[in-house]
Amino acid sequence: VLASAEATTDHLEAALAGTLQAARDAGLRHLAARVDVADLRAMGVLEAAGFRTMDALVTYIMRPGKDAHPEVRPVGTIRDATPADTEAIVAITADAYRGYRGRFHLDPHLSSDRADALYLEWARACAERRLADTVIVAEDSGGEISGYLAYRRREPVSRLAMPLFGGGLGAVRRDSPGAYTGLIQEGSQRAHAAGAVSECQTQNYNFAVIRVYEAAGFHYVRAEYTLHAWLG
C-alpha cells in the first residue's frame, strides 16, 4: 500500500475501494496485501474493508562489502542443482512443509490440500528455473540430497541500482537441519560475488530459521503484515 505523506485516511479508503472494484471486475476472487508493521493506518483501512491478517514476515539482509560472512561449517557438499535433482527437491519440500502453518494454510477459504500442493508446485518451478535463477543443493556423504535453496534476482534496491537476490524457497530434510545454514551462507556469498544484496524472509515466530539467518551473518531490516480478502 503506497501513499504520499499528504494522503488522508479518506484517500487510502478511496484508493482501496477502487482497487477492490477493479479486482472484482477482473474476476479475481482472492486478494492479498502486504503492509509495513509501522503503517497501522493502512492496516486499519484494510481491516475495515474486510481483509484479515494471515502472516507476519521479518526480512534479513546481507550487503556486499559491508557485512562479513562468519565462519560456518557446511554440512555435506554444496553444489548447483541439476535436472536430476528435481524429484528429490520436491520430496524434501513435501516433507518439510507437511503441517506448515503459513498464510495459505491459515486462510479458511483455501483448502489445506491445495495449500500443500502450492508449495510442491513452487518447488518444482524453482527446480526447473521457472521461478528461480539459482538453485543449490547440499549433498550428504552418501550422495543423497539433504536440502536445497532457490532464489532469483529481484530488483534494484538503491539509487545505485544495486541488485537484490532473494524471493525464493528452501528446505532441508528433517534429519539434516544443519544443512540449511550452509546453504544460506553459500547463497549470500554468491550474491555478494555478483555485487548484490542477499535477502531472506520468514515468519516472525520462526525462531529456528531466524537463528540460522543470524548465524550466517544476516541482520534484521524490516517487518510486514500480510492480509487476505475474499472477493468471491
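The values are calculated or read from the model by the stated rules, or taken from the named source; none is laboratory data. Note that this is a predicted model, so its numbers are computed, not measured. When we count neighbours, we look across all protein chains shown, and the Cβ atoms used for this are built from the backbone with ideal geometry, even at glycine. These area figures cover heavy atoms from the full protein model, side chains too; ligands, DNA and RNA do not enter into them. Shrake-Rupley method; radii C 1.70, N 1.55, O 1.52, S 1.80 Å.
Identify which of the listed values of Rg/Rh (Cα atoms, Kirkwood Rh) was calculated from the structure shown: (i) 0.98; (ii) 0.94; (iii) 1.00.
Given (i) 0.98; (ii) 0.94; (iii) 1.00, the calculated one carries the label (iii).
Where nothing but the Cβ of Lys and Arg (+1) and of Asp and Glu (-1) is charged, how large is the charge dipole of segment 146-209 around its Cα centre, in debye to the nearest 20? Mind dumping the intermediate values first?
Values: 7 positive and 4 negative charges, 28 e Å.
Roughly 140 debye for segment 146-209.
Run the 1.4 Å probe and let me know the accessible area of residue 205, rounded to the nearest 10 Å².
In the full protein context, residue 205 sits at about 110 Å².
First compute the accessible area of the chain with a 1.4 Å probe, then give the percent of it belonging to carbon and sulfur atoms. Don't skip to the answer; put the middle values down first.
On the way: 6470 of 12360 Å².
On the chain, the fraction of accessible area on carbon and sulfur atoms equals 52 percent.
Which residue, chosen from 119, 137, 92, occupies the Cα position most advanced towards the positive end of the dipole of segment 67-187, where the dipole is computed from +1 (Lys, Arg) and -1 (Asp, Glu) charges on Cβ about the Cα centre?
Result: 119, furthest along the dipole toward the positive end.
For the chain, what is the accessible area per residue in Å², given a 1.4 Å probe and the full set of protein chains? Mind showing how you got there, number by number?
Numbers: 12360 Å² over 232 residues.
Per residue, the chain has an accessible area of 53 Å².
Consider just the alpha-carbon atoms of segment 80-170 and return their Rg together with their Dmax, both in angstrom.
In Å, with Rg to one decimal and Dmax whole: 15.0, 47.
Would you mind computing the Rg to Rh ratio of segment 1-48 from its alpha-carbon coordinates, Kirkwood style for Rh?
Working: Rg = 11.2 Å, Rh = 11.5 Å.
Answer for segment 1-48: 0.98.
Between 123, 84, 215, find the one with the highest GNM mean-square fluctuation for the chain; connect C-alpha pairs within less than 10 Å.
Highest fluctuation among the options: 84.
Give me the dipole magnitude in Debye, nearest 20, for segment 67-213 about the Cα centre, with unit charges on the beta carbon: positive for Lys and Arg, negative for Asp and Glu. Show your work: numbers first, answer last.
On the way: 17 positive and 19 negative charges, 87 e Å.
My answer is approximately 420 debye.
Highest GNM mean-square fluctuation, the chain, Cα pairs closer than 10 Å: which of 108, 163, 177?
Top of the fluctuation ranking is 108.
Tell me the mean residue ellipticity at 222 nm calculated for the chain from its helices only (DSSP H runs of n ≥ 4, each -39500 (n - 2.57), averaged over every residue, nearest 500). Walk me through the numbers on the way to the answer.
Details: 7 runs with 81 residues, N = 232.
The helix-only estimate for the chain comes to -10500 deg cm²/dmol at 222 nm.
What does the convex hull of the alpha-carbon atoms of segment 102-232 project to on average, in nm²? Mind dumping the intermediate values first?
Details: hull surface 40.2 nm².
Across all orientations, segment 102-232 yields a mean hull projection of 10.0 nm².
Normalised by the number of residues in the chain, what is the relative contact order in percent for Cα pairs under 8 Å and 6+ residues apart? Kindly include the intermediate steps, with their values, before the conclusion.
On the way: 398 pairs, mean separation 79.4, N = 232.
Computed value for the chain: 34 percent relative contact order.
How much solvent-accessible surface does residue 153 expose, in Å² to the nearest 10, with a 1.4 Å probe and all protein chains in place?
130
Counting only C-alpha contacts under 8 Å and six or more residues apart, can you give the relative contact order of segment 167-217 as a whole percent? Spell out each step's value before the answer.
Values: 25 pairs, mean separation 20.7, N = 51.
About 41 percent, as a whole number.
Could you work out how far apart the two model spin labels at residue 223 and residue 40 are, taking each label as a point 7 Å from the Cα in the direction of the beta carbon, and quote it in nm?
So the two model labels end up 1.3 nm from each other.
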